[in-house]
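Student: Below you will find the structure I want to go over with you.
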Amino acid sequence: MRGNPDNLRQAAARKSAAAHTRAEQGLHEMIRTGQPITFRGLAQTAGTSLDFLYRTPEIRKRVEQLRSQQQTTPPAVPERVDSDHPSSVIRTLTTQLTELRRRHRDEVNTLKQALETAQGEILELRRRLNGRPQDAETP
């Protein structure tokens with residue numbers, strides 16, 4: 001036999017181990033950033049081939065497990081709101097405007113009721129004045 005087959009085997013084993021390590025690091029990165037776990041995405045992130053990922057039982061099993069977990073649990077919506085973000089400012093101003101409109105409507109309704117009451121009292125006073133004999137001085 002020509003060459004050293006043991007060196008070739010060792011080199012192949014090192015290459016496979018390095019690809020395995022990159023795949024694991026790629027999975028950790030995808031989980032950390034919240035990316036969807038797919039074989040294609042992992043191959044791109046880790047710099048490995050799809051064939052390697054599918055042929056390596058541990059990685060394949062882990063990808064399938066993580067993918068099924070992601071499909072059953074909806075992605076977390078970030079609750080943190082940046083106060084300088086335009087949508088946050090718009091949301092705050094919209095809330096303030098809604099509250100001001102509500103208070104204005106309440107105040108207008110209160111004033112309308114007071115005006116109706118006052119008009120009713122004026123009408124009653126006019127009726128009393130018109131129904132009663134006037135005290136006019138006649139010479």
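Every number in this text was worked out from the coordinates using simple rules, so none of it is lab data. Note that the structure is a prediction, hence the values are computed from the model and not measured. Cβ: placed from backbone, ideal geometry, glycine included. Neighbour counts: every protein chain shown.
Student: Cα extents of the stretch 85-132 along the three principal axes, largest first, in whole Å?
Tutor: Principal-axis extents of the stretch 85-132 (Cα, largest first): 71, 8, 5 Å.
Student: So if we plug the beta-carbon distance of Arg32 and Ala12 into 1/(1 + (r/R0)^6) with R0 = 35 Å, what FRET efficiency do we get, rounded to 0.05?
Tutor: 0.70
Student: Could you please report the charge total around Arg67, scoring K, R as +1 and D, E as -1 over all other residues with beta-carbon less than 14 angstrom from its beta-carbon?
Tutor: The answer is +3.
Student: In a shell of Cβ-Cβ distance under 14 Å around Lys15, excluding Lys15 itself, what net charge do Lys and Arg (+1) and Asp and Glu (-1) give?
Tutor: +3
Student: I need the P(r) histogram for the stretch 10-72: all alpha carbon pairs, bin width 5 Å from 0 out to the longest distance, whole percents.
Tutor: The calculated distribution, bin by bin, is 3, 20, 33, 25, 12, 5, 2, 1, 0.
Student: Each label point is 7 Å from the Cα along the Cα-to-Cβ direction; what then is the distance between the points at Thr72 and Leu129, in nm?
Tutor: Label at Thr72, label at Leu129, 8.4 nm between them.
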